[in-house]
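Everything on this sheet refers to the single structure shown next.
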Amino acid sequence: MSNGRSGKGEARRYSYVQLDVFTARPLEGNALAVFTDARGLSDAEMQAVARETRLSETTFVFPREPAVEREHGVRVRIFTTEEELPFAGHPTLGTAFALRGPDRQSAAEGAPRERGGAREIVLDLKVGKVPVEFTTEKSGRVFGEMRQVDPKMGESHSREDIARVAGLELEDIATDLPIQTVSTGVAFAIVPVKTRSAVEKLALDWKRTAEYTERREAKFLYFVTRECVDPEARMHARMIFYNGEDPATGSAAGCAAAWMVAHSVARADERVLIEQGLEAQRPSRIFVRAGKEGDRVVNVRVGGHAVEAMRGELFL
């Protein structure tokens with residue numbers, strides 16, 4: 001039981017569940033630690049815990065009364081090893097999966113008991129309310145799909161600038177599609193690359209990239225190519241994240257969905273598959289779609305599967 005309350009001299013105990021997200025197979029996809037009842041943890045402690053897990057993101061759930069959660073959603077905070085994020089894709093989807101299961105909700109006093117098997121769970125994130133809808137496939141697997149906030153289509157970037165910070169040759173970057181910043185809560189520059197081999201040989205200098213993005217709208221670069229391994233996939237993606245590899249980036253995939261619809265790579269409301277994580281030996285399958293109202297891209301949805309990998313307790 002994790003409620004952060006203890007008698008004098010006793011360790012505080014916080015339960016967590018670890019899931020692999022954007023995959024239906026353990027030890028693939030993007031790993032996520034979810035602390036299902038983080039009441040009592042300070043901001044500094046949450047950041048330290050995220051460094052301890054050494055995962056790309058760790059989430060912390062703050063249960064509230066059922067009536068409050070019905071109106072406002074389940075309060076969740078997302079931390080990387082470096083900072084708190086207002087939104088991130090695989091933590092949103094994975095946390096919703098963790099909360100949905102009948103044996104995965106917190107048993108602490110005052111914790112909601114209405115989430116098991118829910119068709120929809122709404123998370124109250126720093127970016128706002130993000131709903132995650134669940135459906136059961138014919139195979140019996142559960143598929144979750146989040147609706148991200150409507151995208152903001154931002155500035156374009158020069159091929160020369162991106163080639164320099166990414167360690168690419170100028171001719172590696174596609175000329176028929178723009179390098180453009182898109183945000184559904186976190187801003188990514190979507191970088192179209194001609195070939196999968198060019199994506200595989202990325203030699204991104206994180207320090208140089210950070211210096212570049214600090215001067216521009218984008219926080220991260222998301223590299224995509226139409227050359228895929230899976231014949232069902234529309235895009236093969238890769239993202240270097242804090243000097244490491246992010247196996248599945250749901251927030252970036254949502255931005256890529258908006259970018260694809262805006263530039264006619266995908267049709268409005270067409271669900272397409274983005275493959276990611278192959279270079280990190282963590283294959284991930286991210287299903288995306290986005291709608292259109294006039295010239296505006298709206299209703300960005302990002303979905304996939306998740307599987308529980310382990311459980312544990314933190315002692316403080």
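Remarks
- The residue of segment 187-239 that is farthest from K152 (Cα to Cα), among those that are basic (K, R) and either at pLDDT 95 or above or outside any loop (DSSP other than H, G, I, E, B) (or both), is R196.
- Here segment 1-26 is the region considered, the condition is being hydroxyl-bearing (S, T, Y) and modelled with pLDDT of 95 or more, and the residue that is nearest to T53 (Cα to Cα) is Y16.
- Residue match in segment 278-288 (condition: touching a Lys or Arg at 6+ places or on another chain (Cβ under 7 Å) and farther than 14 Å from M235 by Cβ): yes
- Lone qualifier among D230, D150 - being under 20 Å from the mean Cα position of the chain (by Cα) and under 25 Å from R301 (Cβ atoms): D150
- Unmet criterion (only one of (1) surrounded by fewer than 17 Cβ atoms within 10 Å (Cβ to Cβ); (2) part of a loop (DSSP other than H, G, I, E, B); (3) in contact (Cβ under 8 Å) with a residue 24 or more places away in the chain) for R282: (1)
- When A48 is tested against (1) in contact with a strand residue (DSSP E or B) (Cβ under 9 Å, 6 or more places away or on another chain); (2) in a helix (DSSP H, G or I); (3) of a type outside the set (V, I, T), just one condition goes unmet, and that condition is (1).
- Among the residues of segment 257-275, just one is more than 9 Å from K292 (Cα to Cα), part of a loop (DSSP other than H, G, I, E, B), in contact with a strand residue (DSSP E or B) (Cβ under 9 Å, 6 or more places away or on another chain) and of a type in the set (G, A, S), namely A266.
- Of all residues in segment 249-271 being hydroxyl-bearing (S, T, Y) and under 20 Å from the mean Cα position of the chain (by Cα), the one that is nearest to G89 (Cα to Cα): S251
- Identity of the residue in segment 288-315, in contact with a Leu (Cβ under 8 Å, 6 or more places away or on another chain), surrounded by fewer than 20 Cβ atoms within 10 Å (Cβ to Cβ) and not charged (D, E, K, R), that ends up nearest to R147 (Cα to Cα): V307
The values are calculated or read from the model by the stated rules, or taken from the named source; none is laboratory data. Fair warning: this is a prediction, and the values are worked out from it, not measured in the lab. Cβ coordinates were reconstructed from backbone atoms using ideal geometry, including for glycine residues, and neighbour counts include every protein chain displayed.
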